[in-house]
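The values are calculated or read from the model by the stated rules, or taken from the named source; none is laboratory data. This structure is a prediction, so every number in the text was calculated from the model and none was measured. Neighbour counts are summed over all protein chains in view; Cβ atoms, including those assigned to glycine, are modelled from backbone coordinates with ideal geometry. Only protein heavy atoms, including side chains, enter the accessible area calculation; ligands, DNA and RNA are left aside. Shrake-Rupley method; radii C 1.70, N 1.55, O 1.52, S 1.80 Å.
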Amino acid sequence: MDRSSTNGVAIEFRDVSYVSPTGQEVLSGLNLEVLRGETFVLLGRSGSGKTTTLKLVNRLLSPSAGEVRVDGAATAGVDVIALRRSIGYVIQDVGLFPHFTVERNIGLVPRIEGWAEDRIRERVQELSQLVGLEPRLASRYPRQLSGGQRQRVGVARALAADPALLLMDEPFGSLDPLTRDELQREFLLLQQRLHKTVVFVTHDVGEALRLGSRVALMEAGRLVTVLAPQEFLRSGDPWVAAYVKAFKAGLDSAANRGTE
Amino acid sequence: MNIFQFMVQNHDQVLELTLEHLWLVGISTLLAVLIGIPLGVLIAHWPVLNKPVLASANIIQTIPSLALFGFLLPLPWLGERADRLAILALTLYALLPLIRNTYTGIRGVDPAVVEAGRGMGLTDRQLLFQVELPLAVSVILSGVRVAVVISVGLATIAAAIGAGGLGEFIFRGLAMVNNQLILAGAIPAAALALFADTSLGWLEKRLRPR
Ligand SMILES: Nc1ncnc2c1ncn2[C@@H]1O[C@H](COP(=O)(O)OP(=O)(O)O)[C@@H](O)[C@H]1O
Ligand SMILES: [Mg+2]
């Protein structure tokens, strides 16, 4: 057995750089380890390279230098289709197939993996329940759903083939605050039950601190630091402090408005 | 004798020429679909080929139809029979709307949907047949519709090289300065075009992704 699979490392970036086709150095010298069963949050402003980092994991992009390892094996050497099918992927724009019903969207990966129809149907029902989708929505098309419902379908679809690894790119970014809060709460409950390895991208400090077991702060294509949420609030690092300050400023100014 | 009496009296000839016309249009459209859709798919995924392919199809479109028939005449095997020649010419004309609409339709698919599909492990083939083509189908069909309507009109010219079809009436009518003969070709041709346009338009709406 490989060293990293014995010590519980699910994903490993070794000196990874990514240069875009236009020649821009998007990521440079990235080193990180994501542990099995944790929710690893990539936090950073937009353009800092979070999405690029995520796409390097399921090889939607390939590193220009360095190596990405999933379950101990360099992704460059494995069958890319099998790799992607073993990793759940949720994106901000959801990307549900507009011509598929909810049911078919959720059952997509099991179906292309050749599961029997009744097993797919069972799995779809199980997942709908898990993510809190009412059964009557099963035959609807994505455009007939609310943003929150669509995002639930997106999560169910990513979980369909029971991947150990889940990549989530600002999944709740476009939701209203109440729906977002609800989905964050359900995410935590779900994660208590499932213990997936999750890489979660967000630019929202509050979301990062609430959901992450560790938070990796990115800035301009580099990893600034990786901290547990409690450490994050106390950190002396100027970049982290800037984030914490901006976060607190929002809370404080809201609290002070009544007293001014 | 008015035009309708004439058509009733010569109904077997009207029918025969209409069927010939349909044959020319049908076969050429089928060939254009078989060539044009794969070409459209190809250039949608391989942008380097986009300009040369679309430009070639565009140039063909600008050649006057009689001239095109003339150019193709010396070709071996094809030049031997007028209907082969006509079918080839009609196919070439029908290519542009098919290539262009397939290309446009596929490029118009929401990138987030394609990205999600690829990220979940769909192969290129699965992406094409389960995502891209189904989502582009109404745009592609509108290309088929344009191609058919153009072909129905152009196929009347095929009679000039002896390929038959409703153009027979028209050319005979022109030669004999007989308006009734011209109309006997033109009216069924117009009806065919209208029918194809309406029914394919209906199908296009039905298949538009929700
Ligand atoms: N295909 C690409 N071509 C050119 N630039 C790109 C491409 N993909 C990403 N970038 C650039 O890389 C940087 C990081 O992008 P991204 O990973 O999407 O950031 P984030 O997800 O943190 O907002 C941005 O400056 C973006 O403009
Ligand atoms: Mg992003």
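For residues that are assigned to a loop (DSSP other than H, G, I, E, B) and open to solvent by less than 50 Å² (accessible area, probe 1.4 Å), scanning just segment A:61-77, find the one that is nearest to ligand 2 (Cβ to nearest atom). Within segment A:61-77, the match that is nearest to ligand 2 (Cβ to nearest atom) is A:LEU61. Taking segment A:101-120 as the range and being closer than 12 Å to A:ALA138 by Cβ and either within 23 Å of the chain's Cα centre (by Cα) or modelled with pLDDT under 95 (or both) as the test, the residues that pass are A:VAL102, A:GLU103, A:ARG104, A:ASN105, A:ILE106, A:GLY107.
With respect to (1) within 16 Å of ligand 2 (Cβ to nearest atom); (2) touching a residue at least 40 places away in the same chain (Cβ under 8 Å); (3) within 12 Å of chain B (Cβ to nearest Cβ), the lone exception for A:ARG45 is condition (3). Checked against (1) open to solvent by less than 20 Å² (accessible area, probe 1.4 Å); (2) more than 10 Å from ligand 1 (Cβ to nearest atom), A:LEU43 passes all but condition (2).
When A:ILE120 is tested against (1) hydrophobic (A, V, I, L, M, F, W, C); (2) more than 16 Å from ligand 1 (Cβ to nearest atom); (3) within 14 Å of chain B (Cβ to nearest Cβ), just one condition goes unmet, and that condition is (3). The lone criterion from (1) in contact with a His (Cβ under 9 Å, 6 or more places away or on another chain); (2) of a type in the set (A, V, I, L, M, F, W, C); (3) surrounded by fewer than 21 Cβ atoms within 10 Å (Cβ to Cβ) left unmet by B:VAL114 is number (1). Here is the figure for segment B:165-178: residues that are part of a helix (DSSP H, G or I) and out of contact with any helix residue (DSSP H, G or I) (no Cβ under 7 Å at 6 or more places or on another chain) total 1. Among the residues of this structure, B:LEU122 counts as one that is within 14 Å of chain A (Cβ to nearest Cβ), in a loop (DSSP other than H, G, I, E, B) and either open to solvent by less than 40 Å² (accessible area, probe 1.4 Å) or of a type in the set (A, V, I, L, M, F, W, C) (or both). Evaluation of B:ALA136 against the conditions (1) assigned to a helix (DSSP H, G or I); (2) without any contact (Cβ under 8 Å) to a residue 24 or more places away in the chain; (3) not hydroxyl-bearing (Ser, Thr, Tyr) shows that the sole unmet condition is (2).
Scanning segment A:46-60 for residues that are in a loop (DSSP other than H, G, I, E, B) and either open to solvent by less than 40 Å² (accessible area, probe 1.4 Å) or out of contact with any helix residue (DSSP H, G or I) (no Cβ under 6 Å at 6 or more places or on another chain) (or both) yields A:SER46, A:GLY47, A:SER48, A:GLY49, A:ASN58, A:LEU60.
Of the residues B:LEU66, B:LEU90, B:LEU85, which is open to solvent by 10 Å² or more (accessible area, probe 1.4 Å), assigned to a helix (DSSP H, G or I) and touching a residue at least 60 places away in the same chain (Cβ under 8 Å)? Break it down into steps so the answer makes sense when it comes.
Details: B:LEU90 fails: open to solvent by 10 Å² or more (accessible area, probe 1.4 Å); B:LEU85 fails: open to solvent by 10 Å² or more (accessible area, probe 1.4 Å).
Only one candidate passes the filter, namely B:LEU66.
Per this entry, A:PHE200 is not counted among residues that are within 13 Å of the chain's Cα centre (by Cα), within 16 Å of ligand 1 (Cβ to nearest atom), in a loop (DSSP other than H, G, I, E, B) and crowded, with 17+ Cβ neighbours inside 10 Å.
Which ones in segment B:15-63 are open to solvent by 80 Å² or more (accessible area, probe 1.4 Å), over 19 Å from B:ILE140 (Cα atoms) and among the hydrophobic types (A, V, I, L, M, F, W, C)? Of everything in segment B:15-63, those that are open to solvent by 80 Å² or more (accessible area, probe 1.4 Å), over 19 Å from B:ILE140 (Cα atoms) and among the hydrophobic types (A, V, I, L, M, F, W, C) turn out to be B:LEU15, B:LEU19, B:LEU22, B:TRP23, B:VAL48, B:ILE59.
Are any of the residues in segment A:24-37 buried (at least 22 other Cβ atoms within 10 Å of the Cβ), of a type in the set (A, V, I, L, M) and within 16 Å of ligand 2 (Cβ to nearest atom)? Yes: one or more hits.
Could you look through segment A:67-91, keep only residues that are within 16 Å of ligand 1 (Cβ to nearest atom) and more than 8 Å from chain B (Cβ to nearest Cβ), and pick out the one that is farthest from the chain's Cα centre (by Cα)? For segment A:67-91, the residue satisfying everything is A:VAL68.
A:GLN192 meets all of the listed conditions (1) more than 16 Å from ligand 2 (Cβ to nearest atom); (2) away from chain B (no Cβ under 14 Å); (3) within 24 Å of B:GLY119 (Cα to Cα); (4) open to solvent by 30 Å² or more (accessible area, probe 1.4 Å) but one, namely (3).
Being over 25 Å from A:GLU122 (Cβ atoms) and more than 15 Å from the chain's Cα centre (by Cα) is the filter; apply it to segment A:161-184 and report the residue that is nearest to ligand 2 (Cβ to nearest atom). Among those that are over 25 Å from A:GLU122 (Cβ atoms) and more than 15 Å from the chain's Cα centre (by Cα), it is A:LEU175. Return yes when A:PHE187 is aromatic (Phe, Trp, Tyr) and over 28 Å from B:LEU207 (Cα atoms) and no when it is not. Yes, satisfied. Residues of segment A:20-40 that are more than 11 Å from ligand 1 (Cβ to nearest atom) and not in a strand (DSSP E or B): A:ARG36, A:GLY37, A:GLU38. Scanning segment A:156-175 for residues that are touching a strand residue (DSSP E or B) at 6+ places or on another chain (Cβ under 6 Å), more than 16 Å from ligand 1 (Cβ to nearest atom) and of a type outside the set (Gly, Ala, Ser) yields A:LEU159, A:PRO163, A:LEU165, A:LEU166.
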